[in-house]
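The structure appears right after this line, and notes come after that.
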Ligand SMILES: [Zn+2]
Ligand SMILES: [Zn+2]
């Protein structure tokens, strides 16, 4: 078995992994870096340029996992592409949006390789995606349960509890088993239900490490955190605040809308109507959550977010002059407040006004605008857009923990239950990955724990 980390650095970037089992060669995920641009936004596909990739398996439709699939399909025209139906539906919307973003960036940052693919190419590519149900063995030739064929490579999808459509992937070939967690959550969220992962013996575990550098806070529970957010909103409304919540369009938007819907019904201070705003891409993804609500294993299966949370929609233009009002909640992407996105543009209008609030609810790269803003805090100074002057932060800054990722404690527990021969640690900033490595080395002395150097082939 061979493995190459195609992510360019040890980080959460353009996540992608090459795996070779016997004569089978596959790629797991093919993301786009959320912050970098040009060549640096792509996985290191040149490291596998001469290989015969037979399949590309996609864990979920976040940009950092699916964002450059059309590029990989062009480079490996013989590869079959597999994902869940929900991931295909969301991925299609996400990639079309990505073409628009790249087309704009071509002018703004003079990135002449952009757009990396076209709307037409996405339409053609997505017609070739194959949708796979959960918990069914499928061969990379696209056949169901091919147990007869002894040298087939089969894969099986397991619910990952991260966002709609997300899966972990179990691969089997030549008597060997590999399990790739993708992005996982072992706890229930407000909409998503906890992961249901395999508990059988496996040889190699490829595991995400997003939260490896954060201990689970003492006494933290999701319902407790929901109450804390409701109370913070109540206080903000009392002082006449508008509240900005930066979110990812996929996942966090829908989780927050579901919470706000619950607050309106359950909290006395927040009862009645308070207007909610989301972005256009978020509304398309929310539509998909709504359409699939009854066929998804989830909480609140009858809740139709677009109808019942009834958000108003902002776009690139209206976000610049939409009124910033008391008792309004602006749930805007991107989660890391990348320059020119709705949350970034809106935050620049808001941060110098002391009555308002920005509430962070999940992961942000420490060097991203959201990371810098959080670090500077009220009273500090921040340049949210490098093209614009820095600003003094006068608004309230609050932090909540609604991560869509497993706690490091839950990841370690899972690894201990499987106690595989090898664990490959991916999808984490260096401190996160290093904490996980040290902990697993101590807890599983017979397991070989590996942090794969980007671009270097490993024999597993
Ligand atoms: Zn994700
Ligand atoms: Zn990810």
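What follows is calculated from the coordinates using simple rules that are stated; it is not laboratory data. Small disclaimer: the values here were computed from a predicted structure and weren't measured. Every residue, glycine as well, gets a Cβ built from its backbone with ideal geometry; the counts of neighbours run over all protein chains shown.
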Any residue in region 73-80 that is buried (at least 19 other Cβ atoms within 10 Å of the Cβ) and within 15 Å of ligand 1 (Cβ to nearest atom)? no
Residue 34 vs. criteria touching a residue at least 12 places away in the same chain (Cβ under 8 Å) and either under 21 Å from residue 166 (Cβ atoms) or in a loop (DSSP other than H, G, I, E, B) (or both): yes
Looking only at residues that are in contact with a helix residue (DSSP H, G or I) (Cβ under 6 Å, 6 or more places away or on another chain) and within 16 Å of ligand 1 (Cβ to nearest atom) in region 208-242, which one is nearest to residue 404 (Cα to Cα)? 211
Conditions (1) over 28 Å from residue 354 (Cα atoms); (2) within 19 Å of the chain's Cα centre (by Cα) -> residue 278 fails only (1)
Output the residue which, of all residues in region 145-159 that are in contact with a strand residue (DSSP E or B) (Cβ under 9 Å, 6 or more places away or on another chain) and in a loop (DSSP other than H, G, I, E, B), is nearest to residue 36 (Cα to Cα). 153
Of the conditions (1) crowded, with 19+ Cβ neighbours inside 10 Å; (2) closer than 29 Å to residue 192 by Cβ, residue 351 fails just one. Which one is it? (2)
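Scan region 118-144 for residues that are free of Cβ contacts under 8 Å to residues at least 24 places away in the same chain and either outside any helix (DSSP H, G or I) or within 23 Å of residue 23 (Cβ to Cβ) (or both) and jot them down.
Result: 118, 135, 136, 139, 143, 144.
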Condition first: away from ligand 2 (no atom under 16 Å from the Cβ) and touching a helix residue (DSSP H, G or I) at 6+ places or on another chain (Cβ under 7 Å). Now tell me which residues in region 403-425 satisfy that. 412, 415, 416, 423
Selection count where residues are in a loop (DSSP other than H, G, I, E, B) and either in contact with a helix residue (DSSP H, G or I) (Cβ under 6 Å, 6 or more places away or on another chain) or within 20 Å of residue 89 (Cα to Cα) (or both), scope region 274-299: 3
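Conditions (1) buried (at least 19 other Cβ atoms within 10 Å of the Cβ); (2) farther than 20 Å from residue 422 by Cα; (3) touching a strand residue (DSSP E or B) at 6+ places or on another chain (Cβ under 7 Å), marked per residue:
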position	(1), (2), (3)
9	no, yes, no
26	yes, no, yes
30	yes, yes, yes
55	yes, yes, yes
For residue 60, all conditions in the list (1) assigned to a loop (DSSP other than H, G, I, E, B); (2) away from ligand 1 (no atom under 16 Å from the Cβ) hold save one; what is the number of the exception? (2)
For region 44-56, indicate whether the set of residues that are within 16 Å of ligand 2 (Cβ to nearest atom) and within 22 Å of the chain's Cα centre (by Cα) is non-empty. no
I'm checking my understanding of the structure. Among residues of region 42-53 that are assigned to a helix (DSSP H, G or I) and without any contact (Cβ under 8 Å) to a residue 60 or more places away in the chain, which one is surrounded by the most Cβ atoms within 10 Å (Cβ to Cβ)? 48
Where residues in region 243-258 are out of contact with any helix residue (DSSP H, G or I) (no Cβ under 6 Å at 6 or more places or on another chain) and within 15 Å of ligand 1 (Cβ to nearest atom), which of them is nearest to residue 337 (Cα to Cα)? 248
